[in-house]
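**Student:** Take this structure first; my questions come after.
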Amino acid sequence: MKLLKYIIKRKVFISLLVILIIFLGSYAFLNLDRELTPVVDLNGASIEVDAGDLTVADVKSNITTPLEQELQKIDGVNKIESTTYLGGSSIQASFEDGYDKDLGRELETIVQSFKNNSSVIKKVDVSRNGSGTKYGFILDISGGDMSEMTEFASSVLKPRLEQLPEVQDVKFSGIKDLGMILKEPKNHY
């Protein structure tokens, strides 16, 4: 109640205060940096290695394990996780908090050097984790016949995405995931 009486008695002061707040808010709104999608840098990088038709065992012994050992030698790399599959490998490197911004370039240099010294690697792709990466949209296609999904992705989806003016590049990669379900037999007592 006392606050209300104070506001009513001090009309000029309150009016000037409201005008000042509106002015400062307008100034801040017009002059602060803003982005639709700000760049968020996550502490890590993804490495995708394409080895053609190399078997899983060969990819693991010739690419994944030696590359992991090279990456572990880099100061600032906290953790390495990898997935090896038929014809390739996917490696996730996590950086320590407060890492040097050049660590990503150093990692890329080591991976490219490893590729140049290996005859089985067809292609490598190193990308930083975060929103400022090269590919900002990932679409997962699953649940159907592999040849039908590949045909759909390359002949229908890719041309349509490339026609969009906002799209610079479309990249496809995939893993054929074979699995089986083992069930315990029911006891019939």
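The values are calculated or read from the model by the stated rules, or taken from the named source; none is laboratory data. Note that the structure is a prediction, hence the values are computed from the model and not measured. For neighbour counting, all protein chains shown are included, and Cβ atoms are generated from backbone atoms with ideal geometry for every residue, glycine included.
**Student:** Is it the case that GLY76 is surrounded by 11 or more Cβ atoms within 10 Å (Cβ to Cβ), modelled with pLDDT under 90, among the small types (Gly, Ala, Ser) and touching a Lys or Arg at 6+ places or on another chain (Cβ under 8 Å)? Break it down into steps so the answer makes sense when it comes.
**Tutor:** Working: surrounded by 11 or more Cβ atoms within 10 Å (Cβ to Cβ): yes; modelled with pLDDT under 90: yes; among the small types (Gly, Ala, Ser): yes; touching a Lys or Arg at 6+ places or on another chain (Cβ under 8 Å): no.
So GLY76 fails the test.
**Student:** Answer yes or no: is there a residue in the stretch 6-16 that is more than 30 Å from GLY98 (Cα to Cα), at pLDDT below 90 and not in a helix (DSSP H, G or I).
**Tutor:** Within the stretch 6-16 (the criterion being more than 30 Å from GLY98 (Cα to Cα), at pLDDT below 90 and not in a helix (DSSP H, G or I)), the answer is yes, since at least one residue qualifies.
**Student:** Now, a different point. Restricting to strands (runs of 3 or more DSSP E) lying wholly in the stretch 74-174: which have 2 or more residues that are among the β-branched types (Val, Ile, Thr), over 18 Å from the mean Cα position of the chain (by Cα) and at positive phi?
**Tutor:** Fully inside the stretch 74-174 and qualifying: nothing.
**Student:** Kindly provide the set of residues from the stretch 87-103 that are touching a Lys or Arg at 6+ places or on another chain (Cβ under 6 Å) and more than 11 Å from ALA45 (Cβ to Cβ), ordered by number.
**Tutor:** Of the residues in the stretch 87-103, the ones touching a Lys or Arg at 6+ places or on another chain (Cβ under 6 Å) are 94.
None; the set is empty.
**Student:** Inspect the stretch 26-42 for any residue being touching a residue at least 40 places away in the same chain (Cβ under 8 Å) and surrounded by 14 or more Cβ atoms within 10 Å (Cβ to Cβ) and give the result as yes or no. Outline the logic, then answer.
**Tutor:** Pass one, the stretch 26-42, residues touching a residue at least 40 places away in the same chain (Cβ under 8 Å): 37-42.
If we keep only those that are surrounded by 14 or more Cβ atoms within 10 Å (Cβ to Cβ) too, we end up with 41.
Yes; the residues of the stretch 26-42 include at least one that is touching a residue at least 40 places away in the same chain (Cβ under 8 Å) and surrounded by 14 or more Cβ atoms within 10 Å (Cβ to Cβ).
**Student:** Let me ask something else about it. Of the residues that make up the stretch 65-73, is at least one free of Cβ contacts under 8 Å to residues at least 60 places away in the same chain, out of contact with any Pro (no Cβ under 8 Å at 6 or more places or on another chain) and among the hydrophobic types (A, V, I, L, M, F, W, C)? Let's see the steps before the verdict.
**Tutor:** Going through the stretch 65-73, the residues free of Cβ contacts under 8 Å to residues at least 60 places away in the same chain turn out to be 65-73.
Pick out the ones that are also out of contact with any Pro (no Cβ under 8 Å at 6 or more places or on another chain) and you get 65-73.
In the following step, the residues that additionally are among the hydrophobic types (A, V, I, L, M, F, W, C) were identified as 67, 71.
Yes, there is a match, as at least one residue in the stretch 65-73 is free of Cβ contacts under 8 Å to residues at least 60 places away in the same chain, out of contact with any Pro (no Cβ under 8 Å at 6 or more places or on another chain) and among the hydrophobic types (A, V, I, L, M, F, W, C).
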